[in-house]
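Engineer: This structure is in structure tokens; I'll ask about it shortly.
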Amino acid sequence: MLALSSSRASGQDIPGLEGCTAEKQMERRTGCLQSNDEFLQQSLSKLSRDMQAKLTASARALAAAQAEIATLKSAVEKLNGDVAQLKVEAAAKK
């Protein structure tokens, strides 16, 4: 029982996790709720910006990989054409 009450008290100092229902005065309870709300809004905004940056970076990496794949496919097709031409020349010499 003592451990539970001490963990709740430590939560009072963590923004977004404050136990606002413990406040007796309505003004303090409202201020506590507003503080929690502001903290959570800021956290969501930061996470949203971070996720958008990661998505943008992933999109750039994907575009670069697709361009590299296209280049490699072109090179393979050219090499296959060269091999086919060499086979034709080798068959003609026999």
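Engineer: Check cross-link reach from K73 to the lysines: straight Cα distance under 18 Å, and skip same-chain residues fewer than eight apart.
Structural biologist: Leaving aside lysines fewer than 8 places away in the same chain, none come within reach of K73.
Engineer: Which lysines have a Cα lying under 26 Å from the Cα of K94, excluding residues fewer than 8 positions away in the same chain?
Structural biologist: Answer for K94, where 26 Å is the Cα cut-off: K78, listed by chain and number.
Engineer: In addition: Pulled fully out, how much extra length does the chain show between C20 and E68, if you take 0.36 nm times their separation in residues and subtract their Cα-Cα distance?
Structural biologist: 11.7 nm
Engineer: A further question on this structure: What figure, in Å² to the nearest 10, do you get for the accessible area of T21 with a 1.4 Å probe and non-protein molecules left out?
Structural biologist: T21 exposes around 120 Å² with every protein chain in place.
Engineer: What list of ³J(HN,Hα) values in whole Hz, one per residue of the stretch 44-55 in order, does the Karplus curve 6.51 cos²θ - 1.76 cosθ + 1.60 (θ = phi - 60°) give from phi, with Gly and Pro shown as x?
Structural biologist: Per residue, the Karplus-derived 3J(HN,Hα) values read 5, 4, 5, 4, 5, 5, 4, 5, 5, 5, 5, 5 Hz.
Engineer: Would you mind classifying the stretch 15-94 by shape? Square roots of the alpha carbon gyration tensor eigenvalues, ordered a ≥ b ≥ c; an a/c under 1.5 is rounded, otherwise it is prolate if a/b is larger than b/c and oblate if not.
Structural biologist: prolate
Engineer: Residue by residue, what Karplus-based ³J(HN,Hα) values in Hz, rounded to whole numbers, does the stretch 59-70 have, using 6.51, -1.76 and 1.60 with θ = phi - 60° and x for Gly and Pro?
Structural biologist: 5, 5, 5, 5, 4, 5, 5, 5, 5, 5, 4, 4
Engineer: Cross-link partners among lysines for K46, C-alpha distance below 16 Å, same-chain residues fewer than 8 apart left out?
Structural biologist: Here the lysines satisfying the reach criterion relative to K46 are K54.
The values are calculated or read from the model by the stated rules, or taken from the named source; none is laboratory data. Please read all numbers here as calculations on a predicted model, not as lab measurements. Surface accessibility is based on the protein's heavy atoms, side chains included, excluding ligands, DNA and RNA. Shrake-Rupley method; radii C 1.70, N 1.55, O 1.52, S 1.80 Å.
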